[in-house]
Structure formats: structure tokens, C-alpha cells
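The numbers here are math on the coordinates, done by the rules we state, and not lab data. Since the model is a prediction, treat every value here as computed from it, not as a measurement. Positions of Cβ are backbone-derived with ideal geometry, glycine not excepted, and every protein chain shown enters the neighbour counts.
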Amino acid sequence: MTRVNTFLLCTLLLSQWTILSQLALAQSSDNSASADNLPSAPQPQFTQSPTRLGASPEAQLALVASFPREAGSQTASAASPQTEAPGIAVRLTRTQAEQLALKNNPRISVGHLLGLAQHQVYRETRAAELPNFSGAITAVNANEGSRIGAGALNAPLLLEHAAAGVALSQLITDFGRTINLVSSSKLLEKAQNANALATTEDIVLATDQAFYNALQAQALLKVAQQTVTTRGSVEHQIDELTKSKLKSTLDLAFAEVNLSQAKLLQIDAQNNVDSTLAALTAVLGFDKQVQYQLSDDDTQPPPPPPDADVLVNTALQQRPDLQALTYGQQAAEKFRRAQHEQLLPTISAMGLVGATPARPDCLSGCFPNYFVSSWYGAIGVNMSIPIFNGFLFSAQASEANYRAKAAVEITRDLRDQVVRDVRTAWLAANTAFQRVGVEAELAKEADLGLTLAQDRYHLGLGSIVELSQAQLQQTDAAIGYVNAQYQYRLSLSTLNFEIGVQP
């Protein structure tokens, strides 16, 4: 009995010395050791605080703008990953995902096609400035010498004849109406092209969101799997100790509850992985599920810029949706002028020439002098002056005027929204950047707490409730740190989208 007591005393002293050494090591160093049989949070990589950056605002803007687009080592040929055999995951980087989405997503094609269609509208409007040629061939079988008696104010003779000719009409001036209509159509084409670019940036942001959500889900699945493994190991140890009457059934019940919670976490994590991969496949423009092996740059992303005003000014200059509304506002102003100029005269030139080879035989004495010559031709100028049409033109001018004013207010409203969104995204990026450091410290502390709680439980100094709480805190800290890392990367992509960085 004396040897047994001496052995137990030595074991207790050695365990207490181990606990005190680990506690001192955690207070003096950032690299605290975690238990081998329990999940540990990934170790963070600290970067320079945004308040200590010495670069200029323009340099900081370029730094953030460069983050969502990987370096030039990624060539355009890497956009389409090589086709793998069925069942083998396709390796996909974020840059490749963006390029695949820009190539395959149908919304990109829709924006491009609408831009081409709007260019044809411009050509249709511009046709009013160009000459208009038309040809005609006419053959008439009539009751010779009869006249039209109803349906018209004139009374031309009806003669048997056949003739062919061409006519030319050319607008000389309508005092700016057509010019303004052409300018309005051209501005609407620019607006549609800007909308297509805005759609492109929407797709890039959606791709980044789907890519980082999938990476985050996969990282959380690894945490869940590790949690199931370690809690299963703890549950097995407690089960053996319970069978040996060294632990109570209550301890085993707590361990089984913790294991079941970990299994539920793993089930939810696996479902989240599958759903995020389905969302990524959809935004890439594929209608069949593809297995991807996602990989991202392991380097720590840069901190957000310190000055939001520089980002706001950049967004106001290059946001494509704001450019589209600006072009639309200018087009509405041109159309307003065109509608007002309907009240002015229109001057145009006309000309025609042709021949009548088949006509009544004047030599026999029938209807002489109706066709003096076998050919005809004339040229003239016509002025059309609107006098009264039921106030149609004035109502159209008033409508265009109100719509032009509404376009100005819509553009101003979007400018206010852009300023708000940029500042909100900048604040979110700063908050996410700070959370990464805090979550890293929390993960370290949770690892240390779990190690101490496990040692205390093995020595009989702690309860199963204390160990269960430590396990829960460590799992929550690991999940929080994974979420913080990918949420910060996503916040940088959102910030670049808000300032209008082109893909």
C-alpha cells in the first residue's frame, strides 16, 4: 500500500507540474500547445494594423483593388480547368472561377446581346439623316379616259400604262430634332454597355461569394470531423473508465451528449458544403454538378485602406451602374429637346425620275398629249409645318420634360446610395479585419482552456461539466476563427465591388 500511495503522489505532482508549465508557457508565448486528442483552432497570422500603415491613400486603394484579382502568374488559359475523369475533383482557384463565370454565365451573354441590340436602335434612328431611295414598277389596266369620282379630292384620268422609276428623299433640316434623337440613342447604347459591365461585376462578386462560402464550408466540415473524432475518443475513454467503476454513469452520459452534438454539427457542415458547391456550380454557368478541389492563395490578405473618402471618390467615377444612369439622364435630356422640336417645321428635298414605255397610242387619235414624253422627272423642296394636332406634340414634350427631371433625381439617389454602400463596406471590412485578430486570440485561449480542463479531469480535479464546457468553447472558437478569416476575404471583395473595380 505504501508503494501504491507513493506512486499516486508522484503521479499527481507530475501532472500538476505539467499544468503549471503549460500555463506559464501560454502566458509567455503565443504558440500554446493543444491536446493531441482534441480539435485545435487554426493558428492565425497577424498582419500590420491599418492604423499604422504608411502608404498613401492611392497606394492603399491599389492594394485593395489588387486583392480580388490574383497576380499575372495566372494566365487566361488557366480559366478552363482541364476536364477530369468522372468522380475526380477538378482543381479550381478563385481566378479560374471568376473567368469561368464570365465565360459561361448566361447573364453575361444577355448583357452583351442587349448592348448589340441597342446599337441597332442607334442605327435605326440615324437612318433618318441619310438619303432614302425607293424604286417602283407600275402597270395599270383601266377603263380608258375614266376619272376617279369618289374617295379623293383630285380627279385624275385612268389610263392603261406601264412605267418604272426611282424616287429620292433627303431631310434637309428639322431644326435639331433628328440630331437629338440620334444623340439620345447613342447615349442609351453607352448606358446599356455600362449596364453590361455592371452585370459583369455582379457575376464576379457572386462568384467570389460562392467560392469563399464553399471554402468556408469545407473548413468548417474539417473542424466538425475533427470534433467528432476527438469527442469520440473521449467518450470511448470515459466508457472504459465507467466499466472499471472509475467514472460515473453521469460522466458517460455527458460524453455521449457531446459526441452526438458533434455528429449533428458534422451533418450540418456536410450539407452546407454540398449546398455551397451547388451554388458555385450555378454561378459558373453549369447545369450539372461538378466536384471541385478549391484552392486559394494562402497569403494573408492586406488590411483595408485607412481613408474611406478616396474610395468614395473612386466609386463615383467608375461605378458602371452610376455611369449607366448618368448616360440615361443625358439621353433623357436629348429626347426632351427632340420632343420639343416637333413643334418646328421640317424641310426636305424630293426627286424622282422614270420612264413610261407602255402607254396609249397617240398616233391613232386616242387621248393625245396625255403622255408627252416616254420619261418623266422632277425635283422639289417641301416644308411641313405643324399647326394643330390635338395638342399631341405639346403633351409629348411635357412628358419628356418630366421624365428628364425624374432621371436627374434617380441618378442623384443612386449617388447617395453609392456613398452609403462604400462607407458601409469599408466599415464592414475594418470590423472583419479586427475580428480576425480577436478570434485568433480566442482560439488560442480556448485551446489552452481545453488542455487544462482535460488534465484536470484526468487528475480528478475537474468535473465532466467543466470538460464539456471547455470542449464547446474550443469548438465555437475554431468555428469563429474560420468564419472570421473567410468573412474578411469576402468583405474585401465586396469593398472592391462597391468602388467599381473592373474584373
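So the values come out like this:
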{"quantity": "Segment 100-214 - charge dipole about Cα centre, Lys and Arg +1 at Cβ, Asp and Glu -1, debye rounded to 20", "calculated": "120 debye"}
{"quantity": "Amide proton proximity set for residue 291, modelled H, under 5 Å, gap of 5+", "calculated": "90"}
{"quantity": "Loop-resident sites, segment 330-431, for trypsin sites (Lys or Arg not before Pro), counting at most 14 other Cβ within 10 Å (DSSP)", "calculated": "none"}
{"quantity": "Cα pair distances exceeding 15 angstrom across segment 247-319, given as percent", "calculated": "77 percent"}
{"quantity": "5 Å-binned pair-distance histogram of segment 83-232 (Cα, whole percent)", "calculated": "2, 7, 8, 8, 8, 8, 7, 7, 7, 6, 5, 5, 4, 4, 3, 3, 3, 2, 1, 1, 1, 0, 0"}
{"quantity": "Most positive-pole-ward Cα, 168, 206, 179, against dipole of segment 86-221 from beta carbon charges", "calculated": "206"}
{"quantity": "Rg/Rh (Cα only; Kirkwood hydrodynamic radius) as it applies to segment 286-404", "calculated": "1.44"}
{"quantity": "Per-pair calculated FRET efficiency, R0 = 56 Å: residue 128 and residue 295 via Cβ, rounded to 0.05", "calculated": "0.50"}
{"quantity": "Pairwise FRET efficiency - residue 160 versus residue 420, Cβ, R0 = 51 Å, nearest 0.05", "calculated": "0.05"}
{"quantity": "Net length gained if the chain between residue 343 and residue 399 were fully extended (0.36 nm per residue, minus Cα distance)", "calculated": "18.7 nm"}
{"quantity": "Charged-residue dipole, Cβ positions (Lys, Arg, Asp, Glu), segment 250-341 about Cα centre, Debye nearest 20", "calculated": "640 debye"}
{"quantity": "Nitroxide proxy distance, nm - points 7 Å out along Cα→Cβ at residue 459 and residue 381", "calculated": "11.1 nm"}
{"quantity": "Length added when fully stretched, residue 139-residue 434, from 0.36 nm per residue minus Cα-Cα", "calculated": "97.5 nm"}
{"quantity": "When each of 103/288; 247/444; 222/243; 222/247; 263/288; 243/444 is checked by Cα-Cα distance, pairs over 23 Å", "calculated": "247/444; 222/243; 222/247; 263/288; 243/444"}
